[in-house]
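Just so it is clear, none of the values below were taken in a lab; they were calculated from the coordinates. These figures come from a predicted structure and were not determined experimentally. Here Cβ is always computed from backbone atoms with ideal geometry, including for glycine, and neighbour counts include all displayed protein chains.
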Amino acid sequence: MAVPFEVTCGVYFLLRGRRVVYVGQSINILARIATHAASEDKRGRWDAWAYVPCEARRLDAVEGEYIRRFRPPLNKVGKLSANDNRRVRAC
C-alpha cells in the first residue's frame, strides 16, 4: 500500500555521517532535496537528510538559527575550519 505524501514546509539539513554540512529552507522539502540530489555542486558531499517542520513565515529565522548553531561548511555564511567537528545528536 502506498503512503500518501504531504508537501512539507520547513528547514532541512544535509548530512554527511552525523555532521550537518548544509542547512536550507523550503516550502516543499522533498522537491528541494531532489534538486540537491541532482546538483553537481552538492552531489557526493552528503549522504542523508533530515528536517524540522516550520511555518513559512518563520523559515528565515529558524534557518538562520540552525546555520549559526551548526555553521555548516556548504552554507556560504557557515564556512568551517577543517577541524571543526560539530555533529547532530542522535535522538
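Estimated from the Cβ-Cβ distance and a Förster radius of 25 angstrom, the FRET efficiency linking E65 and E40 is about 0.30. Contact order, relative form, for the range 10-78: 41 percent (alpha carbon pairs under 8 Å, 6 or more residues apart, mean separation divided by residue count). For the range 17-80, the list of GluC sites (Glu not before Pro) that fall in a loop by DSSP and count at most 14 other C-beta atoms within 10 angstrom reads E40, E55. Summarised as an ellipsoid, the range 10-78 has semi-axes of 18, 14, 10 Å, derived from the eigenvalues of the Cα gyration tensor scaled by 5 and square-rooted, with the largest first.
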